[in-house]
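Structure first, then comments.
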Amino acid sequence: MLLSKREERLKADVLVVGSGAGGAITAATLAEAGLQVLIVEEGPAVDTSQLATHTPEAMRLLYRDGGMCPILGTSNIAFVEGRCVGGSTEINSAFWHRTPTDAVQRWRVRYGVRNLSPEQVADLFEEIEPFIGVAYLESAVLPPSSAVFKNGAQRLGWQVEEVPRVQPRGLTTSAFAPGAKNSMSRTFLPRALRAGAQLVADCRIDRLQVRDGRVRAVSGLRRDGARSHRVQVEARHVFVAGGAIQTPALLRANGITKNVGDNLHIHPMLKAAALFDERFDSHTSPLPVHQIKEFRPDITLGGSVFTPGYLALTLSENWQANQTAMRDWQRMALYYVSSRGSSRGTVRVFPFTGEPIVRYNLSALDRRNLSVGLARLGEVLFAGGARKVFPALRSPSVLESPRACQTFLERSIPGALMSLSTVHIFSSCPMGEDRAVCAADSYGKVHDFENLYLADASLLPDSPGINPQGTIMAIALRNARHFVQHAA
Amino acid sequence: MPCWSVAIQLSFVPRLVHPELLKHLSRPLLPTEPALSPEARCRVEGDVAAFLFAQIGSMPTYLRLPYEVALQLFNLLAAVPYGLPYQRLDASRQRRYLELWSSSPLRLGRDLIRLIRSCALLQFMDHPCVLARLAPELAEEHAAVQA
């Protein structure tokens, strides 16, 4: 990739950096208010209506670093996020949750977020949901992998519910099949463009020139075929919506460091494969849609995307022992334990390359929750008819009875034995009036800045304990409205 | 921003491994089932190596460089027990040497092979040639993406 001498100049009232859940709804809200909005997205514009978004090739096109983003720590954690127009909404499972009441109240009390109530947040969801399209699977196509999960939970008397998704109504296919998600590229980005916003893709913003509490100039590198050139953006206001890693990385690389990148929260996840007597053909059926809420807010159990490749990935921790299990792949499904992480991670910038370094050390409570969660997951799968459960652990490689799962209740699994991943990260630039911990005010304006705002998962003060897409959008809508009323 | 930082952003930092080494690394780790024709097997192994090369290349530079150095060390250190670099060993010795590192008491040694194995298995099992044997309906979907 060659650097051209060409320099491009762009101008707008408002620059929105990032086109994911927060950036897209922010851009649409501001554009509909009559502001001239420029959205700059680092990743490419990819037509995901023609693309199954869980294949290895799609990973290279849509995922940041091809999905090779580790969170470093005592146990390294694989992390994936989107890097494309629409951001992570193009690659996620599309599950939709409203923000729990306890999270809203905690943010108000502990972090000093002003004018935030469960009722106000509910109103925001009431407004977003009809537009974005939130639906349940048609009951006739409920996948068997979800049915056994639900049946197992009901046998145990546990609270289990079907989670709706952001998807077309009447969906009968997997949430990762082409066109199966109402992602930002299908909803709020077209809405923003209809209202007059401009979108520039393949352009990474890397410099914020800051002086006297204002962002004076913004620039980045834009790919243009085999070359790149610098882009200078002139905007009165800047909204950064790059996500919980890229947003603090951009800010810190440009000297904005107070409470930026210090408070990272994640939902560490441990997967398991389960073998049943009957054939599931999980690779062709929709994603399992039931989640067990019995152990909320700290532990959630659910079903995961399935392909033979993802199954092999889960079994690979003990491949020598487990590879013969692949012969039964049509009778298998994938599930997960997700815990609401209790530790605090950091986002820093590598000095020579500007690349983010993300660190998170599992706490003893995290290991405890994951261990208990795995025990419960095994329990519900066996109650649902599983014959064997293969956890993504170095040891043991297989569980063959509910009793075998009980050991995880008695003793936490060492972090070194776990193969962990996460797709939920937040809180690296928390909002609120507590200046000891918060990077931005109650409406996302970075403290001590006049024209710099944040609009993504980094703003959530701490983990909401649920799939965060809806919360990110609701908070971004709230904050964009406030900006229009008071600062535009 | 310093020019070396721009250079790194523009991917001028050279690669320290070749797909051929990755082919030698991944081949012993790939399943023997489903059975594939020699031509299909050769194509899949090549695609797995290419995928690995691309995936490792996608890593942040501060991780990729040390990882690729470690892969070269892995290759060269095989000369200690076997008198030859890993890439020049026969299949049986390659398997034994890989197993030695996979079960190493050192986490770095295990993680070195773990990344190769997990990416190789993901690409192998979701490769259109393999899916055509396992799940023809998925093979069409994946082939369309690759096109």
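The values are calculated or read from the model by the stated rules, or taken from the named source; none is laboratory data. Quantities reported herein were computed from a predicted structural model and do not represent experimental measurements. With ideal geometry, Cβ positions are generated from the backbone for all residues, glycine too; neighbour counts draw on all protein chains shown. Ligands, DNA and RNA are stripped out before the accessible areas are found, and what is left, the full protein with its side chains, is counted by its heavy atoms. Shrake-Rupley method; radii C 1.70, N 1.55, O 1.52, S 1.80 Å.
Here are the numbers:
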| quantity | calculated |
| --- | --- |
| Failed criterion for B:GLY83 (all others in (1) surrounded by 18 or more Cβ atoms within 10 Å (Cβ to Cβ); (2) more than 14 Å from chain A (Cβ to nearest Cβ); (3) of a type outside the set (D, E, K, R) hold) | (1) |
| Residue within segment A:382-391 that is closer than 23 Å to A:ILE266 by Cβ and under 24 Å from the mean Cα position of the chain (by Cα) present | yes |
| Unique match (being over 29 Å from A:HIS482 (Cβ atoms), among the aliphatic types (A, V, I, L, M) and at pLDDT 95 or above) among A:LEU420, A:LEU452, A:LEU393 | A:LEU420 |
| Residue list for segment A:41-68, filter: at the interface with another protein chain (Cβ under 8 Å from one of its Cβ atoms) and either among the hydroxyl-bearing types (Ser, Thr, Tyr) or without any contact (Cβ under 8 Å) to a residue 60 or more places away in the chain (or both) | A:THR55, A:GLU57, A:ALA58, A:ARG60, A:ASP65, A:GLY66, A:GLY67, A:MET68 |
| Where B:ARG95 falls short, out of the listed (1) open to solvent by less than 60 Å² (accessible area, probe 1.4 Å); (2) in contact (Cβ under 8 Å) with a residue 12 or more places away in the chain; (3) out of contact with any Lys or Arg (no Cβ under 9 Å at 6 or more places or on another chain) | (1) |
| From B:LEU71, B:LEU89, B:LEU77, B:LEU106, residue being under 17 Å from B:ILE56 (Cβ atoms) and of a type outside the set (Ser, Thr, Tyr) | B:LEU71 |
| Matching residues in segment B:59-80 - criterion: being within 11 Å of chain A (Cβ to nearest Cβ) and either small (Gly, Ala, Ser) or open to solvent by less than 30 Å² (accessible area, probe 1.4 Å) (or both) | B:MET59, B:PRO60, B:THR61, B:ARG64, B:TYR67 |
| Any hit, segment B:47-54, residues being loosely packed, with under 14 Cβ neighbours inside 10 Å and part of a helix (DSSP H, G or I) | no |
| Single residue of A:VAL210, A:VAL240 found to be surrounded by fewer than 20 Cβ atoms within 10 Å (Cβ to Cβ), touching a strand residue (DSSP E or B) at 6+ places or on another chain (Cβ under 9 Å), of a type in the set (Val, Ile, Thr) and under 18 Å from A:VAL40 (Cβ atoms) | A:VAL210 |
| Residue that is most open to solvent (accessible area, probe 1.4 Å) [pool: residues in segment A:102-144 that are outside any helix (DSSP H, G or I) and touching a Pro at 6+ places or on another chain (Cβ under 7 Å)] | A:TYR136 |
| Residue satisfying condition, being touching a Pro at 6+ places or on another chain (Cβ under 7 Å) and in contact (Cβ under 8 Å) with a residue 60 or more places away in the chain, within set A:PRO286, A:PRO268 | A:PRO286 |
| Identity of the residue in segment A:344-362, under 18 Å from A:SER419 (Cβ atoms) and away from every other protein chain (no Cβ under 13 Å), that ends up least open to solvent (accessible area, probe 1.4 Å) | A:TYR360 |
| Test: residue in segment A:256-275 that is in contact with a strand residue (DSSP E or B) (Cβ under 8 Å, 6 or more places away or on another chain) and within 14 Å of another protein chain (Cβ to nearest Cβ) | yes |
| Top-ranked residue of segment B:9-58 - restricted to ones that are within 11 Å of chain A (Cβ to nearest Cβ) and among the β-branched types (Val, Ile, Thr), ranked as farthest from the chain's Cα centre (by Cα) | B:VAL13 |
| Residue in segment A:367-386 that is open to solvent by less than 10 Å² (accessible area, probe 1.4 Å), within 14 Å of chain B (Cβ to nearest Cβ) and within 11 Å of A:ALA273 (Cα to Cα) present | no |
| Identity of the residue in segment A:299-323, among the aliphatic types (A, V, I, L, M) and under 24 Å from A:GLN159 (Cβ atoms), that ends up nearest to the other protein chains (Cβ to nearest Cβ) | A:VAL305 |
| Neighbours by Cβ (under 8 Å, 6+ apart or cross-chain): first from segment A:69-92, among the basic types (Lys, Arg); second part of a helix (DSSP H, G or I) and at pLDDT below 95 | A:ARG83/A:LEU62; A:ARG83/A:ARG64; A:ARG83/A:ASP65 |
| Selection status of A:SER412, under 21 Å from the mean Cα position of the chain (by Cα), assigned to a loop (DSSP other than H, G, I, E, B) and of a type in the set (Ser, Thr, Tyr) | no |
| Any hit, segment A:37-53, residues being closer than 24 Å to B:GLY57 by Cβ, open to solvent by less than 40 Å² (accessible area, probe 1.4 Å), outside any loop (DSSP other than H, G, I, E, B) and at pLDDT 95 or above | no |
